[in-house]
Amino acid sequence: MARTSRLALQAAVALVCLTVVSGQFFVNLNDKNKGGADVATKGDGTAAAAGDVAVGGDQQVQLQEDWTAFVKWFRSNGGIISSKLTIKVRNGRQGVYFKERMRRGETIVSFPRNLRLDEKTAMKGKAGHVFQRLKADKAYPDLMVILHLVHEDKLGKDSFWKPYFTLLRRNYNNIMFLTEPQMKTLLRRPGCENTYNLGVMMRRTFNNFYEWYKKNIEPWAPPEFQFTRDEMLWGFNTLVTCGWGQQSGNGDKLMVPFSDIPNHRRESAQKATNRGFISAAKEYQAGEELTFDYGLLNDAVLAYYGQPTPDCRGLKR
């Protein structure tokens, strides 16, 4: 079981991280009222992001306040983010944009080593004693990061990671939420076999994690570690869609603030990384969106984010 769980998240190491992609593409085949706006992949290959609905003035103001708080927090912990960047919702899609022209070679972001949410930061956090026991009990490293995510999220304003978590996606519409009949329908769709197989692996991995938690952690865990299945699933989806592989290459994952915020665009000039710094690979104009090529395969784009691809349209008619 440990090997199966590890392999599923190892598959995500190279398929990182689109923080907040959304869109109602995994819908019931006969449901004409989908309960949400369809947000299609743009013709230029840019994938849609969080806030894929109209955003009012108050919400836009709040988004700017959240971005300002995040940048201040990031810089206060040794990171660098260009003052030429901002966050906004444009055409129903949240993204990172340039406020003014940036020349090629200018620094976009520099990542501080201490802002990496992983097993080590879990050990040093407020619940370090819990994670020490989990490590002694040989809990899956990725499960520990998921528990770390959920615990810090529930701490709210008392969490060190609060400015970062405010920008993380809260809801997912991906393959984890399909019913078994819908999964069978997906398998029958042309070009969707690989997406189906990845979805099966993801679902099996999460179930293994959750069963291990229920059996080996929940009975003794303190009240602040009593998590619901939905809370655990949020942590799992967040790690899968935003997590990076460790430099050791062992498949264990971690979260790196900002590296997962710009939207994915295939063949973007900027290649995503969570190490060192990122400089402008070309000259950007004011109003232009910053996108990263995260190296996502089409199978993962659909399975992780519910985003249709040329290979597989999912369950959308």
Failed item, numbered, when residue 167 is tested on (1) among the hydrophobic types (A, V, I, L, M, F, W, C); (2) buried (at least 19 other Cβ atoms within 10 Å of the Cβ); (3) closer than 19 Å to residue 223 by Cβ | (3)
Expected output for the range 195-223 (first residue open to solvent by 70 Å² or more (accessible area, probe 1.4 Å), partner among the polar types (S, T, N, Q) and in a helix (DSSP H, G or I), Cβ below 7 Å, 6+ apart or cross-chain) is 204/4
Between a first residue in the range 45-69 that is more than 22 Å from residue 160 (Cβ to Cβ) and a second residue that is of a type in the set (Ser, Thr, Tyr) and at pLDDT 75 or above, which pairs have beta carbons less than 7 Å apart while being 6 or more apart in sequence or on different chains?
-> 46/291
Criterion (open to solvent by 60 Å² or more (accessible area, probe 1.4 Å), modelled with pLDDT of 95 or more, among the polar types (S, T, N, Q) and under 22 Å from residue 280 (Cβ atoms)) met by exactly one of 83, 76 | 83
Exactly one of 29, 115, 15 is assigned to a loop (DSSP other than H, G, I, E, B), aliphatic (A, V, I, L, M) and modelled with pLDDT of 50 or more, and that one is 115
Out of the range 241-290, which residues are modelled with pLDDT of 85 or more, open to solvent by 10 Å² or more (accessible area, probe 1.4 Å) and part of a loop (DSSP other than H, G, I, E, B)?
-> 261, 281, 282, 283, 285, 286, 287, 288
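The values are calculated or read from the model by the stated rules, or taken from the named source; none is laboratory data. None of the values given here were measured: they were computed from a predicted structure. Cβ coordinates were reconstructed from backbone atoms using ideal geometry, including for glycine residues, and neighbour counts include every protein chain displayed. Accessible surface is based on the protein model in full, side chains and every heavy atom, while ligands, DNA and RNA are left aside. Shrake-Rupley method; radii C 1.70, N 1.55, O 1.52, S 1.80 Å.
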